[in-house]
Amino acid sequence: MSDREKKNLRQGFTTGTAAAAAVKAALVYLFTKQIPGSVNINLLNGQRLEIPVDSVSPYNGFVRAVVVKDAGDDPDITHRARIGAVVGLTDDPGTVQITGGKGVGMVTKPGLEVLPGEPAINPGPRKMIRESALQMLTRYYNHAGVSAEIFVENGEVLAERTLNRRLGIEGGLSILGTTGLVKPLSHEAYTATIRSAMSVARACGCDHVVLTTGRRSERFSQIFFTDLYNLHPEAFIQIGDFFGMSMESLAENKIPNATLAVFFGKALKIAQGFVHTHAAKADLTMDWLADVVSDETGNKTLAREVASANTARHAFGMLWPGYPDVLEKVGAAMIRSAEKFCPAPCRFRVVIYDFEGTIAFDSHRMKKSR
């Protein structure tokens, strides 16, 4: 995607911004009996954003407001989710009580920004909600406090399509946001999930994590490693394409052992030291692999065939099981890359799966020294 195309992508707003807007809309109605079509929210990055309001209505002595979350041109599970708040006044002036309602998850494990037993509403969104409520109290009525119960319609169902349960968030979605905006292709939510998963693994006492790049490699790894190392579910972390930042997070959390368990395409990217292992630069990847084949086998014809392979899977079929030394070379390079990007001591193991889930390479069985 070109820089021009990226600039034209539309930004969205986070679940935290949606929750803060719902609270503010409810208070506008509570104080003025007017139903606002939109409200302005102060974001965590200092900007202001006008957020459309879907509905506002009286609700059992309180006010219920709903905002439809808009993730812009980088839609995720929460895109178009209906996020709301049930809001009332209290007798405790200047205070804002924030609770989680239906569809908002509950934190059950240590290591997250919110303590176990609390609703999964992160500090950033809590700050936006609090500031929005206090702004309305200052404008209309200083002698009361605010109670705000945040909810997500259908949040329990949406949460089943996330990694929340793995992280220790049960029963619904998280209310998130570090700036208040969703930047297209920033991958902020995914990298935040990786960092949270590392923190949860550490807090749960995991001294060994298994890093995979997707659901298939994770599923194969859970079958192979769970009994071998007596690993807990928290030890399995999907890092997607974010190799470099995952190594940094590994170091930040001082986890002493890690296994990289991947398919051949990602293995090649990691071996070459790509910080981000997206499918780009395929030609460079095959050229690098062809050089490895030439050095390890001396077979120039095979090296040329590998260089012209359509995909990593195509090249893998040429090399496995006939040329295990090539996979060993790739695996050794992966370990060097991991050590390079992880700025703290960590013992790495590398596993490369064939495309049926059988282990084609395991660095614990590596013959040659690096």
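Here are some notes:
- Projected label distance in nm at I77 and V157, using a 7 Å step from Cα toward the beta-carbon: 1.5 nm
- Helix-only CD estimate at 222 nm, as mean residue ellipticity for the chain, using -39500 (n - 2.57) per DSSP H run (n ≥ 4): -12500 deg cm²/dmol
- Cα centre as origin, Lys/Arg/Asp/Glu Cβ charges: the chain dipole, Debye: 280 debye
- Length gained on full extension, E118 to T32, computed as 0.36 nm times the residue gap minus the Cα-Cα distance: 27.7 nm.
- Close amide H pairs (under 5 Å, H built 1.01 Å from N) link A120 with G105, M106, V107, residues at least 5 positions away or on another chain.
- Cα pair distances exceeding 24 angstrom across segment 11-182, given as percent: 29 percent
- Cα long-axis angle, helix 282-297 against the chain (0 to 90 degrees, to the nearest 10): 30 degrees
- In plain terms, if you count all Cα to Cα distances in segment 186-251 and split them into 5 Å steps from zero, the share in each step is 4, 18, 30, 25, 17, 5, 1, 0 percent.
- Here the extension length gained between I359 and S308 equals 15.8 nm, from 0.36 nm per residue of separation less the Cα-Cα distance.
- Rounded to whole Hz, the Karplus (6.51, -1.76, 1.60) HN-Hα couplings of segment 224-229, x for glycine and proline: 7, 9, 4, 6, 4, 10
- Projected onto its three principal axes, the C-alpha set of segment 195-365 covers 51, 29, 24 Å, listed from the longest axis down.
- Likely footprinting exposure, L167, L44, fewest C-beta neighbours within 10 Å first: L44, L167
- The angle separating the long axis of helix 188-203 from the principal Cα axis of greatest extent in the chain is about 80 degrees.
- Fluctuation leader among T285, T32, T178 - the chain, Gaussian network, Cα springs under 10 angstrom: T32
- Annotation for D291 and K340: the two label points, set 7 Å from Cα along the Cα-Cβ direction, are 1.1 nm apart.
- Multiplying the residue separation of E50 and Q97 by 0.36 nm and removing their Cα-Cα distance gives an extension gain of 14.5 nm.
- Given in Å, the Rg to one decimal and the Dmax to the nearest whole number for the Cα atoms of the chain are 24.7, 83.
- Rounded to 10°, Cα long-axis angle of helix 324-341 versus longest principal axis of the chain: 40 degrees
None of the figures in this text is laboratory data; all of them are computed from the coordinates on show. Please read these numbers as outputs of a predicted model, since none were measured by experiment. We place every Cβ from the backbone using ideal geometry, glycine too, and count neighbours over all the protein chains shown.
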